[in-house]
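The values are calculated or read from the model by the stated rules, or taken from the named source; none is laboratory data. Since the structure is predicted, the reported quantities are computational estimates derived from the model, not experimental observations. Cβ placement follows ideal geometry from the backbone for every residue including glycine, while neighbour counts extend to all protein chains displayed. Accessible surface is based on the protein model in full, side chains and every heavy atom, while ligands, DNA and RNA are left aside. Shrake-Rupley method; radii C 1.70, N 1.55, O 1.52, S 1.80 Å.
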Amino acid sequence: GAVVSQHPSWVICKSGTSVKIECRSLDFQATTMFWYRQFPKQSLMLMATSNEGSKATYEQGVEKDKFLINHASLTLSTLTVTSAHPEDSSFYICSARDRDQGSGTSSFYNEQFFGPGTRLTVL
Amino acid sequence: KNQVEQSPQSLIILEGKNCTLQCNYTVSPFSNLRWYKQDTGRGPVSLTIMTFSENTKSNGRYTATLDADTKQSSLHITASQLSDSASYICVVRPFTGNQFYFGTGTSLTVIP
């Protein structure tokens with residue numbers, strides 16, 4: 001259980017276009033989803049935290065108008081990179097936190113489950 | 001300031017050998033610490049999770065230890081395999097809030 005999927009797994013686009021990345025929790029409900037960006041040989045950098053039904057909370061330095069996040073349901077969050085430029089090329093990873101259910105192992109540890117990532121290349 | 005530091009930054013070992021990765025953190029108060037394995041081009045996968053009251057946790061050939069007093073954790077890999085080549089990330093969660101603090105990772109390469 002606790003599988004998180006991302007779509008697409010990779011995307012190449014022209015500069016100036018917008019790209020949407022989907023993050024789905026396949027077998028659990030996620031009230032909170034996180035979006036990360038990872039550059040080569042660097043660790044994950046948190047971009048934003050999204051809670052279902054409310055606006056995302058962006059980390060300092062992340063432009064909310066450029067990286068649009070929608071978390072419309074308990075199993076789906078989307079990240080849209082608007083007017084993408086080559087410097088936006090990166091590996092984007094989402095994670096989902098299991099909704100607290102009480103005594104389950106994952107909820108006890110407040111585990112977050114990561115998606116496989118999306119490689120974005122902007123030409 | 002909450003920080004998580006890992007060492008070494010990179011490591012190359014021969015197949016079959018053991019190795020130990022280190023994680024030092026300043027996050028306080030602290031709820032739990034996790035070790036993740038991230039293969040190149042993939043998302044991180046959880047290896048172990050420990051709360052502040054746990055000293056050790058094993059998952060196959062992976063054994064994590066935690067010293068909450070010194071705020072140090074280690075991940076020991078026994079009898080390394082080529083498939084262990086990956087980045088290993090230490091993540092600490094504070095007692096309150098949604099934030100997770102990521103270490104910079106250790107890149108492990110296992111060579112035949």
- Item | Lone unmet requirement of (1) without any contact (Cβ under 8 Å) to a residue 40 or more places away in the chain; (2) in contact with a Phe, Trp or Tyr (Cβ under 7 Å, 6 or more places away or on another chain) for residue A:42 | (2)
- What are the residues in segment A:42-52 that are more than 12 Å from chain B (Cβ to nearest Cβ) and either open to solvent by less than 70 Å² (accessible area, probe 1.4 Å) or in a strand (DSSP E or B) (or both), if any? A:47
- Task: Evaluate segment A:23-34: report whether one residue or more is under 30 Å from residue B:8 (Cβ atoms) and either small (Gly, Ala, Ser) or buried (at least 20 other Cβ atoms within 10 Å of the Cβ) (or both).
- Result: yes
- Residue list for segment A:1-16, filter: outside any strand (DSSP E or B) and either surrounded by 14 or more Cβ atoms within 10 Å (Cβ to Cβ) or in contact with a Phe, Trp or Tyr (Cβ under 8 Å, 6 or more places away or on another chain) (or both): A:1, A:2, A:3, A:9
- Any idea which of (1) part of a strand (DSSP E or B); (2) in contact with a Gly (Cβ under 7 Å, 6 or more places away or on another chain); (3) open to solvent by less than 20 Å² (accessible area, probe 1.4 Å) is the one residue B:33 doesn't satisfy? (2)
- Query: In segment B:50-112, which strands (runs of 3 or more DSSP E) lie fully inside it and hold 3 or more residues that are surrounded by 14 or more Cβ atoms within 10 Å (Cβ to Cβ)?
  - Reply: B:62-67, B:72-77, B:86-94, B:106-111
- Specify the residue that is nearest to the other protein chains (Cβ to nearest Cβ); the eligible residues are those in segment A:73-119 that are touching a helix residue (DSSP H, G or I) at 6+ places or on another chain (Cβ under 6 Å) and either modelled with pLDDT of 75 or more or open to solvent by less than 40 Å² (accessible area, probe 1.4 Å) (or both). A:98
- Query: Scanning for something touching a strand residue (DSSP E or B) at 6+ places or on another chain (Cβ under 8 Å), assigned to a loop (DSSP other than H, G, I, E, B), more than 14 Å from every other protein chain (Cβ to nearest Cβ) and of a type in the set (Val, Ile, Thr), does segment A:19-41 turn up at least one residue?
  - Reply: no
- Among the numbered conditions (1) under 19 Å from residue A:2 (Cα atoms); (2) out of contact with any helix residue (DSSP H, G or I) (no Cβ under 6 Å at 6 or more places or on another chain), tell me where residue B:49 comes up short. (2)
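Give the residues of segment B:13-39 that are out of contact with any strand residue (DSSP E or B) (no Cβ under 7 Å at 6 or more places or on another chain) and under 21 Å from residue B:86 (Cα atoms), sorted by residue number.
Once the filter is applied, which keeps residues that are out of contact with any strand residue (DSSP E or B) (no Cβ under 7 Å at 6 or more places or on another chain) and under 21 Å from residue B:86 (Cα atoms), segment B:13-39 yields B:16, B:17.
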